[in-house]
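Notes follow once the structure below has been shown.
The values are calculated or read from the model by the stated rules, or taken from the named source; none is laboratory data. Since the structure is predicted, the reported quantities are computational estimates derived from the model, not experimental observations. Cβ placement follows ideal geometry from the backbone for every residue including glycine, while neighbour counts extend to all protein chains displayed. SASA here: full protein model, heavy atoms, side chains in, ligands and nucleic acids out. Shrake-Rupley method; radii C 1.70, N 1.55, O 1.52, S 1.80 Å.
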Amino acid sequence: MNPEPLTVVLSDPEATHAWGQRLGQVLQAGDLVVLTGDLGAGKTTLTQGIAIGLDVRGPITSPTFVIAREHPPLGVGPG
Ligand SMILES: Nc1ncnc2c1ncn2[C@@H]1O[C@H](COP(=O)(O)OP(=O)(O)OP(=O)(O)O)[C@@H](O)[C@H]1O
Ligand SMILES: [Mg+2]
């Protein structure tokens with residue numbers, strides 16, 4: 001059974017970054033986050049927030065044009 005879709009309105013880059021940070025704090029090992037959106041939609045801004053929440057090594061640059069990039073945890077990492 002699919003969960004109800006959730007819509008979150010993030011009206012400025014700071015809100016997007018902050019929401020990403022909160023998401024990063026609750027992600028667990030094995031979770032998969034897929035971002036889709038037009039150029040400039042805010043995917044990298046969100047990802048930079050996620051990285052702060054996960055406490056991983058940066059810098060976080062646009063993931064749009066690479067296949068995979070690893071950012072090892074600075075601490076224990078997600079459980
Ligand atoms: N609500 C918002 N959330 C995120 N970014 C916003 C928002 N409003 C305006 N912006 C601006 O839009 C731009 C988003 O750029 P970002 O690099 O995050 O997008 P992107 O989806 O990764 O683009 P690309 O596909 O080119 O990599 C930034 O310049 C940011 O300041
Ligand atoms: Mg990007």
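Its Cα gyration tensor gives region 17-68 an equivalent ellipsoid; the semi-axes, largest first and in whole Å, are 17, 12, 11.
FRET efficiency for His71 and Ala18, Cβ-Cβ distance as r, R0 = 25 Å, nearest 0.05? Spell out each step's value before the answer.
Working: r = 19 Å, r/R0 = 0.76.
Between His71 and Ala18 the formula returns 0.85.
Could you give the accessible area per residue of region 27-79, probe 1.4 Å, as a whole number in Å²? Provide the component values of the computation, followed by the final result.
Numbers: 3860 Å² over 53 residues.
Value returned for region 27-79: 73 Å² of accessible area per residue.
Averaging the sequence gap over all C-alpha pairs within less than 8 Å and six or more residues apart, then dividing by the number of residues, gives region 7-50 a relative contact order of 58 percent.
If the chain linking Gln28 and Leu6 were pulled fully straight, counting 0.36 nm for each residue of separation and taking away their Cα-Cα distance, it would gain 6.0 nm. Other residues with beta-carbon under 15 Å from the beta-carbon of Arg22 carry, at +1 per Lys or Arg and -1 per Asp or Glu, a net charge of -3.
Residues whose amide H lies under 5 Å from that of Val56, counting only those 5 or more places away or on a different chain, are Leu74; hydrogens are built 1.01 Å from N in the peptide plane.
The solvent-accessible area of Asp31, taken with every protein chain present and a 1.4 Å probe, is close to 90 Å². Apolar share of the accessible surface for the chain: 57 percent from carbon plus sulfur atoms, 1.4 Å probe.
Magnitude of the Cβ-charge dipole of the chain, K/R +1 and D/E -1, about the Cα centre, nearest 20 debye?
Details: 4 positive and 7 negative charges, 38 e Å.
Value, rounded to 20: 180 debye.
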